[in-house]
Structures are given as C-alpha cells and as structure tokens.
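The values are calculated or read from the model by the stated rules, or taken from the named source; none is laboratory data. Just so it is clear, the structure is predicted and the values come from calculations on it, not from any experiment. Methodologically, a virtual Cβ is constructed for each residue, glycine included, from the backbone with ideal geometry; neighbour enumeration extends over all protein chains shown. What goes into the accessible areas is simple: the full protein's heavy atoms, side chains included, and nothing from ligands, DNA or RNA. Shrake-Rupley method; radii C 1.70, N 1.55, O 1.52, S 1.80 Å.
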Amino acid sequence: QVQLVESGGGLVQAGDNLRLSCAASGFTFSSYAMGWFRQAPGKERVFVAAISWSGSTTWYAESVKGRFTVVRDNVRNLVYLQMNGLKPEDTAVYHCAAGRGNIYTIAEYDYWGQGTQVTVSS
C-alpha cells in the first residue's frame with residue numbers, strides 16, 4: 001500500500017523556520033522524483049519545490065527560491081522541505097508527491113500525501 005505522510009506543519013510567526021517531512025512507503029522511493037506543492041484557502045494547488053530521484057537536482061518556485069530547501073534520504077525514504085524566513089503568504093496546506101514526469105505538473109505525479117497545515121502569522 002502506497003503511503004506518503006507529511007508532518008512538521010504548525011502555527012508560526014513571520015520570519016520563523018519550519019521543516020516539513022514526508023515519509024514514503026509502498027513503492028520504490030528512489031525511482032521517483034519528489035515534489036512539494038501547497039494549496040492556500042480558495043486557491044489552486046501550486047508547485048513549491050521538487051528534487052530528482054537521486055537528489056542531485058532541485059527545482060523551486062520563484063516565490064520560495066532562496067528561502068526553502070528540499071532534500072531527500074533514499075535510505076530512510078524521507079523527503080524534507082526546510083522553510084526559512086516564513087511569510088504570511090506561505091500559509092497553506094503543504095503536500096508531498098511522487099512522480100516520474102514533468103516535476104512542475106500536478107497531473108504527472110502518481111502518489112500524494114494528505115498534507116500538513118502551515119500557518120504563518122504576521
């Protein structure tokens with residue numbers, strides 16, 4: 001059974017840092033790129049960051065570049081999103097996903113987690 005389980009969200013103040021984790025099971029984790037997406041209330045789900053299957057390549061949305069870092073551990077089947085300098089506009093439910101296609105495209109991801117809420121107060 002495929003599972004992606006996010007954790008690490010919470011309520012923080014602007015400028016604070018958070019690290020999200022995503023634990024994967026039930027599929028060959030090291031064969032998939034991993035992405036992070038977020039969905040704010042009343043808005044569409046959007047790309048945040050992604051990392052290649054090997055971890056050698058990363059991609060970021062312009063809005064988080066320089067503040068967020070994505071890393072993965074292919075031994076422990078984990079992917080992390082380190083979020084520094086959080087802003088109120090980062091408030092959203094954050095989802096991790098596994099895919100083998102275009103990393104920017106939601107439809108290219110095969111597996112999704114349920115998400116973890118991140119709320120940034122001003």
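Before moving on, here are some points about what is shown:
For every residue, the table says whether it meets (1) closer than 23 Å to A107 by Cα; (2) modelled with pLDDT of 95 or more; (3) in a strand (DSSP E or B); (4) touching a Leu at 6+ places or on another chain (Cβ under 8 Å).
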residue	(1), (2), (3), (4)
V12	no, yes, yes, yes
R19	no, yes, yes, yes
C22	yes, yes, yes, yes
K43	yes, yes, no, no
V46	yes, yes, yes, no
A49	yes, yes, yes, yes
W59	yes, yes, yes, no
G66	no, yes, no, no
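- Within the stretch 69-102, tally of residues that are open to solvent by less than 10 Å² (accessible area, probe 1.4 Å) and part of a strand (DSSP E or B): 10
- Cβ separations smaller than 8 Å between residues 6+ apart or across chains give the following pairs from the stretch 78-96 residues that are aliphatic (A, V, I, L, M) to residues that are open to solvent by less than 10 Å² (accessible area, probe 1.4 Å) and assigned to a loop (DSSP other than H, G, I, E, B): M83/V64.
- Of all residues making up the stretch 31-45, the number that are more than 17 Å from G101 (Cβ to Cβ) and either of a type in the set (S, T, N, Q) or open to solvent by 50 Å² or more (accessible area, probe 1.4 Å) (or both): 5
- Those residues of the stretch 103-114 which are within 22 Å of G26 (Cα to Cα) and surrounded by fewer than 20 Cβ atoms within 10 Å (Cβ to Cβ), in sequence order: I106, A107, E108, D110, Y111, W112, Q114
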